[in-house]
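Worksheet for the structure shown next.
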Amino acid sequence: MTVSVPSKAKAKARGAGGGRLRALDGLRLVAALMVACYHYGGRGGEISQAWGTSPSRVFPSLHTPFAYGCLGVQVFFVISGFVICMSGWGRPLRSFFASRASRLLPAYWAAVLLVTAVFALPAVAYEALSPSDTLVNLTLLQQPLGVDRVLGVDWTLWAEVRFYALFALCVVLPGASRRRVIMFCAAWTLTAAIARGVREPLLDVVLMPEYAPFFIGGVALYLVHRDRRDAYAWGIVGVSFLIGQHYAVRSLWNAADPDAFAHRTSLGIVAVVAFGFVAVAAIALGWLDRVNWRWLTVAGALTYPFYLVHEHLGWVVVGTLHQKLGVPSYATFPLTIGSMLVLAWLLNRLVEERLTPVLRKALTTARG
């Protein structure tokens with residue numbers, strides 16, 4: 001059963017700016033920059049090798065705020081829930097699959113090959129994966145297969161793929177409707193909670209209790225976008241926020257410790273999670289329709305390739321600028337961000353714009 005939508009509601013659901021919610025593109029960029037700040041200055045590990053010392057010494061005042069940047073992933077998941085529900089509404093399964101695959105894979109394949117090639121250079125201090133492991137990474141199934149990852153950030157893509165599969169099977173395949181989406185959100189929320197309670201590894205893998213509230217909250221916010229008076233949708237958003245902040249605090253909060261890299265407070269984590277939900281809600285309600293600048297569309301197009309390459313290739317740029325060329329940290333940081341954005345633009349123009357439509361057409365027209 002599908003619900004007919006009046007023409008005005010359809011126009012509203014398409015969003016401002018010629019059918020594109022440009023504020024959502026801007027929020028994507030904010031989330032990506034949050035994650036970049038975390039990877040460059042909010043954690044230890046290989047980035048310490050690039051700086052030549054711990055980022056807590058490089059950024060004595062900023063390393064703690066940067067440590068909250070990892071929550072940009074949760075913001076991404078809320079955005080993803082909204083976008084996937086919007087793009088899957090009224091679309092047949094084959095078209096939905098073609099859209100998702102053609103959006104994810106070209107830039108991902110290019111990033112995997114590029115990072116592997118750069119890490120294989122003699123002048124680069126980071127170890128490349130074996131050819132066999134690299135080839136497995138092209139499938140996006142390296143995590144369940146127990147293979148090392150070429151890209152540190154691609155664990156989030158594995159979460160996205162599982163969300164796409166659940167949404168496709170439960171909503172897109174039978175046909176999207178308000179009732180079906182509400183049932184999907186409610187059932188996923190309940191079964192994810194049960195899965196965590198019974199501690200069943202297979203259910204954890206399928207239902208992703210730790211990340212499900214963010215995807216579900218985004219899906220419900222798309223229902224709010226269609227009808228801001230939808231009490232069921234608002235209820236799902238509220239429950240998703242309450243559960244989501246719990247998981248975020250449980251996994252990211254750490255007690256104050258002078259020997260720790262940084263101290264994240266529970267209140268700070270809750271505030272960042274709330275920011276993600278409130279920002280997407282403001283877009284859903286049309287409060288940010290005036291944020292309709294054309295450059296945000298470009299920013300939105302760069303976000304995904306930037307996200308893919310910024311961490312590992314950022315190590316190389318930071319090490320080259322800061323240690324080999326002696327560029328101060330306050331200049332190295334923005335120059336690294338800028339160089340990754342330029343690389344993202346090149347990937348978008350040379351890879352995504354050329355291969356995405358070809359792959360989408362091939363998958364849409366293929367016999368199945």
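Structure values in brief
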item: Extended-chain gain in nm, criterion 0.36 nm per residue less alpha-carbon gap, residue 331 and residue 361; result: 6.5 nm
item: Cβ-Cβ FRET estimate between residue 231 and residue 194, R0 fixed at 22 Å, reported to 0.05; result: 0.35
item: The chain: DSSP helices with Cα axial extent of at least 15 Å and average Kyte-Doolittle hydropathy no lower than 0.0; result: 22-41, 72-88, 93-119, 155-167, 178-198, 212-226, 231-252, 266-284, 295-318, 329-347
item: Area of residue 361 that stays accessible when all protein chains are in place (1.4 Å probe, Å², to 10); result: 140
item: Gain on full stretching of the segment that runs from residue 53 to residue 187 - 0.36 nm per residue minus C-alpha separation; result: 43.5 nm
item: Gain on full stretching of the segment that runs from residue 148 to residue 121 - 0.36 nm per residue minus C-alpha separation; result: 7.8 nm
item: Rounded if a/c under 1.5, otherwise prolate or oblate - segment 222-368, Cα gyration tensor axes; result: oblate
item: Fraction of accessible area attributable to carbon and sulfur, segment 227-332 (%, probe 1.4 Å); result: 66
item: Computed [θ] at 222 nm, helices only, for the chain once each DSSP H run of length n ≥ 4 contributes -39500 (n - 2.57); result: -22000 deg cm²/dmol
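The values are calculated or read from the model by the stated rules, or taken from the named source; none is laboratory data. Note that this is a predicted model, so its numbers are computed, not measured. Reconstructed Cβ throughout: ideal geometry from the backbone, glycine too, with neighbour counts over all protein chains shown. Just the protein is used for accessible areas: all its heavy atoms, side chains included, with ligands, DNA and RNA removed. Shrake-Rupley method; radii C 1.70, N 1.55, O 1.52, S 1.80 Å.
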